[in-house]
Structures are given as structure tokens and as C-alpha cells.
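Since the structure comes first, as C-alpha cells, the remarks are kept for the end.
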Amino acid sequence: MDYNEKKKRHAELSALLASHSRQYYIFDDPKVNDAEYDALYNELLKIEEEFPELRGAKSPSNQVGTKISSKFKKAAHSVAMLSLENAYNENDIGDFMERVRKLANEKNVDFVLEPKLDGLSASIVYKNGVLNAASTRGDGFIGEDVTANVLTIRDIPQKIEDCPQNFEVRGEVIMLKSDFSALNDQREKEGEKLFANPRNAAAGSLRQLDPQITASRNLHFFAYSVISDDVTLSSQMEILNFLRKLGFTVSSSVALCKDQAEAFAFYSAMEKRRADLEYDVDGVVYKVNDLSIQEKLGSSTKFPRHAIAYKFPAEKAQTTVLNIVVQVGRTGNVTPIAELKPVTVGGVVVSRATLHNKDDLEKRDIRVGDRIILQRAGDVIPQVLHPILAERPAYSRAFQFPSTCPSCGSDLLQKESEAAIKCANPNCEAQMIEKLIHFVSRQSFNIDGFGERNIRSFFKNGIIRNPADIFRLEERNAQLRLENMDGWGRQSVENLFRSINASRTISLDRFINALGIPQVGRAVSKLMAAFFGNYGGFIDCIRSQDGEKLASINGIGPSIVEDFNVFFDRKENINTVLELAGDGVSSGLVQITDVGTSSDGVFSRQSLVFTGSLEKLSREEAKELAEKFGARVSSSVSAKTSIIVAGKNAGRKLALAQELGLKIISEDDFLKIIEKR
């Protein structure tokens, strides 16, 4: 790229990074993980190295944190709270240590190594030994006043005896993994948005306008720095010991090293231990131990020169297999699942991972008690890569796959040509529950407030046994009294009924998808709905089971036709369809609308990608509208993409689209095109 192209790319990266910083620091809702953010930031640094004139005062490379939220009072820091420069490999650490020695003009420099806690930085000021004020880092110079909230954190002393008259303590506010899991369980039960990871949960909890909410979240504080004119300390190690003496929690995983070999050994040990810690760490911080050398080194506009953070790889982590269980899905497939000691991978806490099938499990020989390498494939699905055989416990035994269904006790079957093992009992309780969970899911009837936990509870209590029972809940509630059940109240029950009633009108393709026919997901459901044309055509097909007609649909092969016919060989499945939607003579519980996808629609034969936050439509609504008017909606950007619909805070996809010169429109533009159809 020439200068003008680099300048344009620098501006794009600056806008992207500023947007991601706001999402991370202000909204506690990051749209990218650390590795993705770092890749963008490093790209910006490379451009600035080539063209230093682009590194202005407002460049992300000169910014710390982000502007504070208007919800809080401002709190100025007596000493700037700078962020840390990042290192990603041993060469970076070696260069850092050598640079320190040269700048300090010292042959031997000791370094203190501390775990880099993944939380929210905070400053706490004491006057006459009493907690006087507390604030977040903010932009490094001015933070948010969160004094009332910090006072609710139990392991932060509010009054300290025998201490300096005035001093400031800095550290990290965190949430333990166990507390994070319990909080998200509660939020899921209440139908609230889940936190992405413990860091965001901690940040969102500390930055509450109501301190009582903060108090209920069980936050913790780890101290690592003290600022005071009333105490004389000479090293970082002395600071940590002093903080412990004052009553603050300080990490016990700290080491003093003299050379690179010791530094790398500590890093490797921490990376192996991170899964066993009660809190998230995303790297190791290397600090010059001698405070006089720290002072001599000074700082840049963004980083102190005496410290650096060696980040752990975001994509992989180590953890322990606590148990292996087999799970029965809605189609009867029996899948082995590894229950793991919770670990953060790519910014998400993972506690379960699929082991795919019996053959794959036996081939890789994953066992209970194994230390394993875990990654998030495609940044979504947790995937066990392999066990660490050198750390395998002496007591371990190969997992014995069951011969009978763990739910109903029926024999498990495996076709000679298939890897899947199945429970062939259609009345298996586990299958029935999974089918109901699928039925109410977002891609099917999309009934809010009816998550997995509630489906299981209602099924176990005999309240719902089939899909039709869902649509009769309101008329039966005089006898059921759902509002008296644990976890329910009058308002939540009314909200559930409102959501159920709102879902009674559904397009034919979503209705077909909701039935849970093996191999018939969203894409195949759309093909079938377009082929049938309307609900009457669908009813005729399931009654006649004309396989030749289905096989004539492009994209539907013989195995799908076979599964479709086998599904509707069972009279109860046909009865479910008739009970829900009627038979054309008598009305049903729901109303089926045509798909309406037009082969000559305004987006016919075009590929659309939605990115960023849409304000007027949900992502699912936007996708349905686009498909209705002929578009093929994709989740990835390529040279073949026709149109990018960019919402607020659009990230990497928008940047790539700009690089490829693709057509980019706003959400309003998208709606205007449809309105003019």
C-alpha cells in the first residue's frame, strides 16, 4: 500500500480500536477477544513505525483506557494509571530485559513476576487510615468515582490501624470463576443477558449506580501497588509484603528472577496452572524490582518502561477432565461430553466440551483425570485437542462407553456405515426434552423466557410433555398456578404467556425447523417450505410421503428424504403437526404463514452480510427480511459478498469490506430498499 492507503487504513484502525475500547471499558461488553484486538492494535503500530507522522495525540497508541462514562462523577488520579505494553513471545521479553538494562545502565537487574489478573483496575485512597475515595482507571488520568461500590467489597479494608497517614493502593477488582458461573445461572433464570466472562462481570458489577447490586455480586480485590509520601519502600517485593501487612489480598504466585531462563520457567508454570486458579489470569507481568531503577526508567505517554505483560495465547488453554458423561440429543444421538474444570479460552469460560462420538473418544483416548489441551474451534465451539500423557494420573482408566441409554435404558444402536450411536426409543425422556428445547429456541418458535432450565423443570413436573401443551399453558394456569412455582412470580408468568402468544404466528420454514426432523435444519427447512409453497402443500406431502418429489429439490439427498419419511411414519408426529396447525378444516393452536421468499426480490441472487449492532431490527429479524426478498445471508465477508449492512460499532468485517471495495449500506438504507420493493 502507498502512503494514502496506509493513512486511510490507519484512520480505519483508529476508529475500530476506539470503538472496541468503548465496548470493553464503558459498556463491559466486548465485541472481539483480546487476541483480535491485539492484532488490530499491532497492525496500527506497524503503520506508525513506517509513517511516524500518523502517530498523533489522539492515536490509540497514545491512549490509555477510554473516556469515562457520564453516569459517574469524575475522579482525577494523583499519578497517572498507565496501561502495560504487551509481549507475545520470548524474544519480546528478552528485548524488554535488555532494553531495561541499557536504559538503567545496569548489568544486573532483578525482575518481579506476578500473574496478570483479568479484571478491572482500581485506585483506593486512604486518609488517616480510613478509606476515603475509590475510582476506576478511566483514561489513565481521570477515572470514575466508585467509592460507594468499593465500600461493599468485603476484602478491602475500610479502616487500617498502624499505617501511613495518607496513601493510595492500586489493584485489580475481579470475580471468582465460581461466582461468575452462579451469577450467569441466575441471570439466565431471570431472562437477563449473560456476561461474556468474569472480567466483564466484575466490571459491570463495580460500575453500578446502585451499590446494593455491587454488594450482591461478591467481588474481590487483589492489590499490587502503593503510592505514598509517608512510607519508604525500596522494591516491588517490599510493596507486596507491605500490602499484605496492611490486610490486602496479594497474589501468592509471585517470583523474583534474575535472568531470562527463570522468567520463562515462571511463565510456563503459570500457563499450566491458570486453569487451576480460582480467578482468570491472561498473562504474566514482569516488573523491575528496584524502585529507584523504576523511577530512572520513567514512562512513555502510555506505558511505564519498567514493566511489561507477557500475554498467554488466547486460543488454547490447559485444564482437567473432571468427568465424562454421555448426552442424548433430540434425534437420539448419544454424544460423550467432557466436564471440565472451568477455564477461560479466548475470553469465554468453558466448563464442558464435546468429545464428538465413541470412535473419536477411543481414538484420542481422553480419560477422567487427564490434563488436556483445549481450544475454541472457530472461536465458538470448545474442542478438546489431546491429553497431556506425561501428566496422566496413575489411576486413570479408559472410558467405557455405555451399551444402554443413560436416560431410558434402551439398547444403543450403531449403523455399520455411521459413527453415531443412537437410542432408538422415540419416547426416551431425554430426547423429548431436547426436542422441546429445540422447539422453543430462537431459530424455531423463539419463545422468550422459556429457556432450557424452564423446559426441563416443566417437563419433570408433568406440566408440558409435547409442543401443544406449551400453547395451552395459559388456559390451564387456573389449575397449574405457575406463579407459585419456585423461581416464578406473577410478572414472569405474564411475560411468558405474552411471549407464547406472540409466537403463535410463524413462517412455514421455521415451523418445519421446529419439529426437529433429523437432518432438517434451517437451510433444509427453507428449501422444503419454498417447495411446498404453503402449509397445505406440506400436509399433503407428509401424508403421501412422496419421496420422489422431495428428492427433486436441489440440496435434498436420499438420506434426508429417508429421515423425513421415517419421522412421519410415526403417527404421533403427524398428530403433533395437526394439533399445532390444524388440518385445513379445524383450526390449530398456531397460524402458519408462507415463507414469501421471492426469486425476483430486490436482493435476489445477492449475498448479504450483517455486521455491528442494529438498532431497529434484531439480527434474526434482519436476516429473515433479507432472505424473504431473495438474499443469501452469510456470516463471513469475501470477494463474492454483494452487500455489507453495517450497524453501530462494526468491526473487522467492515474493515475487510472496505479493503475489498464492497458495497456498504446502513441499516436505514437496507430498510429503505425493502420499502421501495
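The values are calculated or read from the model by the stated rules, or taken from the named source; none is laboratory data. Note that the coordinates shown come from a computational prediction; the quantities given were computed from them, not determined experimentally. Ideal geometry is used to build each Cβ from the backbone, glycine not excepted, and the neighbour counts take in all protein chains shown.
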Candidates Lys623, Lys648, Lys616 - the one that is of a type in the set (D, E, K, R), in contact with a Gly (Cβ under 6 Å, 6 or more places away or on another chain) and not assigned by TED's automatic domain parsing to the domain that holds Arg442: Lys648
Conditions (1) within 27 Å of Arg522 (Cα to Cα); (2) of a type outside the set (Val, Ile, Thr); (3) surrounded by fewer than 20 Cβ atoms within 10 Å (Cβ to Cβ): number failed by Arg510: (3)
Have a look at Arg207, Arg187, Arg199 and point out the one that is within 27 Å of Trp488 (Cβ to Cβ) and of a type in the set (Lys, Arg). Arg187
Within segment 551-578, track down each residue that is acidic (Asp, Glu) and within 38 Å of the chain's Cα centre (by Cα). Glu562, Asp563
For the structure I just gave you, tell me whether Met237 is touching a Leu at 6+ places or on another chain (Cβ under 8 Å), at pLDDT 90 or above and within 30 Å of Met485 (Cβ to Cβ). no
When residues of segment 19-52 are filtered for being modelled with pLDDT under 75 and not aromatic (Phe, Trp, Tyr), how many remain? 17
Subset tally (residues that are over 25 Å from the mean Cα position of the chain (by Cα), crowded, with 17+ Cβ neighbours inside 10 Å and under 26 Å from Phe312 (Cα atoms)) for segment 343-366: 1
So in segment 122-165, with the set limited to residues that are in a strand (DSSP E or B) and charged (D, E, K, R), which one is nearest to Thr232 (Cα to Cα)? Lys127
Quick one: is Gly630 among the small types (Gly, Ala, Ser), free of Cβ contacts under 8 Å to residues at least 12 places away in the same chain and either at positive phi or touching a His at 6+ places or on another chain (Cβ under 9 Å) (or both)? no
Scan segment 535-584 residue by residue and report those that are without any contact (Cβ under 8 Å) to a residue 60 or more places away in the chain and among the hydroxyl-bearing types (Ser, Thr, Tyr). Tyr535, Ser544, Ser552, Ser559
One residue is enough: does segment 469-479 have a residue meeting the conditions outside any helix (DSSP H, G or I), charged (D, E, K, R), closer than 30 Å to Asn357 by Cα and touching a residue at least 24 places away in the same chain (Cβ under 8 Å)? no
Have a look at Phe471, Phe445 and point out the one that is in contact with a strand residue (DSSP E or B) (Cβ under 9 Å, 6 or more places away or on another chain), surrounded by 13 or more Cβ atoms within 10 Å (Cβ to Cβ) and within 25 Å of Glu624 (Cβ to Cβ). Phe445
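Okay, residues lined up against (1) farther than 30 Å from Val321 by Cβ; (2) of a type in the set (Ser, Thr, Tyr); (3) outside any strand (DSSP E or B):
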residue	(1), (2), (3)
Phe399	no, no, yes
Ile437	no, no, yes
Ser457	no, yes, yes
Ile463	yes, no, yes
Checked against (1) farther than 24 Å from Lys341 by Cβ; (2) touching an Asp or Glu at 6+ places or on another chain (Cβ under 7 Å); (3) not charged (D, E, K, R), Ala215 satisfies every condition except (2)
Any chance you could count how many residues in segment 265-294 are of a type outside the set (Asp, Glu) and in a helix (DSSP H, G or I)? 14
Output yes when any residue across segment 172-184 is under 25 Å from Leu496 (Cα atoms) and out of contact with any Phe, Trp or Tyr (no Cβ under 9 Å at 6 or more places or on another chain), and no when none is. yes
Scan Glu278, Glu262 and give me the residue that is among the charged types (D, E, K, R), under 19 Å from Val173 (Cβ atoms) and in the same structural domain as Ser121 (by TED's automatic domain parsing). Glu278
Looking for whichever is surrounded by 15 or more Cβ atoms within 10 Å (Cβ to Cβ) and within 18 Å of Asp118 (Cα to Cα) here; the options are Arg199, Arg273. Which one fits? Arg199
Return the residue satisfying two criteria in turn: it lies in segment 419-438 and is touching a residue at least 40 places away in the same chain (Cβ under 8 Å) and in contact with a helix residue (DSSP H, G or I) (Cβ under 6 Å, 6 or more places away or on another chain), and of such residues it is surrounded by the fewest Cβ atoms within 10 Å (Cβ to Cβ). Ala419
Among the listed residues Arg456, Arg522, which satisfies the condition of being at pLDDT below 95, farther than 19 Å from Thr335 by Cβ and either among the basic types (Lys, Arg) or touching an Asp or Glu at 6+ places or on another chain (Cβ under 7 Å) (or both)? Arg522
Among the candidates Gly143, Gly119, Gly171, residue that is crowded, with 21+ Cβ neighbours inside 10 Å and over 23 Å from Ser251 (Cα atoms): Gly143
Under 8 Å between Cβ atoms, which residue pairs at least 6 apart in sequence (or on different chains) link something in segment 243-272 that is within 25 Å of Val231 (Cα to Cα) with a partner that is charged (D, E, K, R) and in a loop (DSSP other than H, G, I, E, B)? Phe248/Asp155; Thr249/Asp155; Leu256/Asp110
